[in-house]
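The values are calculated or read from the model by the stated rules, or taken from the named source; none is laboratory data. All figures in this text were calculated on a predicted structure; none of them were measured in a lab. Counting neighbours? That spans all protein chains shown, and the Cβs are built from the backbone with ideal geometry, glycine included. When the accessible area is computed, the model is the full protein with side chains, heavy atoms only, and any ligands, DNA or RNA have been set aside. Shrake-Rupley method; radii C 1.70, N 1.55, O 1.52, S 1.80 Å.
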Amino acid sequence: MQKVKEIEAKLAQAKAAADEVEAGTRSEDIRQGEEGVKQAQSRFDNAKTTRQRMEALYSREIISKKDFDNADTECAVCEAQLSSSQEKLKQLKEGARPEVREEVGPRSRKWKPSWPGADSSSEYADHRSFAGEIVRRNVDSGALVSPSTALVTLVHLETLKVVANVLEKDVSLVNLGMKAKILTEAYPGKPFEGTVVRINKALDLATRTLPAEINVPNPGHLLKRECSQRSR
C-alpha cells in the first residue's frame, strides 16, 4: 500500500505541474511578486543610504572600519535580494516556471509511474486496459499486494480460441484461414463457425495429432470458457 501512496503522490505532482503550464501564473502570484520587489527595493534604498553615511563617517575616522564593512555588506545583501525578487517577478509574468515547462512539456499528462520489474528498456511502465469480464477475484479489498499479484481473472468472450487435435492423416487438409464448424454439447443443434489461425509445427508423438487453433466469434457470449466442445 505504501507503493500505491507514493505513486498517487507523484501523479498529483504531475497533474499540478501540468495545470500550472496550462493555466499560467495567477494574478495573485504576480501581485505578491510585485509587493516583494517593492519591499526589497525599500530595504536596498535604506541600506544604500546607510552605507553612504557610514562611508562619510569612516572617511572622517569617526567610526571603525568594521562598522563601515558591516554597512557595506548589508547593502550588498539587500541589492542581491532585490535582484532575486525582480527575477522572480519576471518569471511570474512570463508564465509557468521554466523548470516546470521543461518537466511537463514532452510528457504533459502522460506521466507513467515506474514499477519494480517493469521493462528495463523503458523508464516507465505502460498501463493498459483490456475488454472482458471478471470471472474471479483473487484478493479482498484492502489486502496487501505486490506488483506481481494477480488481482482478478479476466476473460475475453468476444472471440474464443478452440484447440483441435488434427489426426496425422488429415494434416494435409488443414490450412491457415480455412473455415471450421464447432459443435458444442450446450448447443447441439447450433454450429459455430470459426477460422483456423494457427497450426502447430510439431506432431504430438503420443497421440499422432497436430494441434490447430481456431478463433470462434462469440456474439451474445453464448459460448463459455468451461464449455466442452468438439470440432469437425
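The 3J(HN,Hα) values that the Karplus relation (6.51, -1.76, 1.60; θ = phi - 60°) gives for the stretch 64-71 are, in residue order, 7, 5, 4, 5, 5, 4, 4, 5 Hz. Gly and Pro appear as x. Taking amide hydrogens as placed 1.01 Å from N in the peptide plane, the amide H of LEU160 sits under 5 Å from those of VAL216, ASN218, each at least 5 positions away in sequence or on another chain. Rounded to the nearest Hz, the phi-derived 3J(HN,Hα) couplings of the stretch 193-209 under the Karplus curve 6.51 cos²θ - 1.76 cosθ + 1.60 (θ = phi - 60°) are 9, x, 10, 6, 10, 7, 10, 5, 8, 10, 7, 6, 5, 6, 10, 6, 10, where x marks glycine and proline. Residues whose amide H falls under 5 Å from that of ILE182, counting only those 5 or more places apart or on a different chain, are PHE192, GLU193, GLY194, with hydrogens built in the peptide plane. Per-atom-type breakdown for the stretch 127-220 gives carbon and sulfur 55% of the accessible area (1.4 Å probe, protein chains only). The phi-based Karplus calculation (6.51 cos²θ - 1.76 cosθ + 1.60; θ = phi - 60°) puts the 3J(HN,Hα) values of the stretch 145-151 at 10, 10, x, 8, 6, 7, 6 Hz, whole numbers, x for Gly and Pro. Here the gap between LYS48 and GLU61, fully extended at 0.36 nm per residue and compared with their Cα-Cα distance, gives a gain of 2.7 nm.
When each of the peptides 190-199, 164-173 is scored by how many other beta carbons lie within 10 Å of its residues on average, the order from highest to lowest is 190-199, 164-173.
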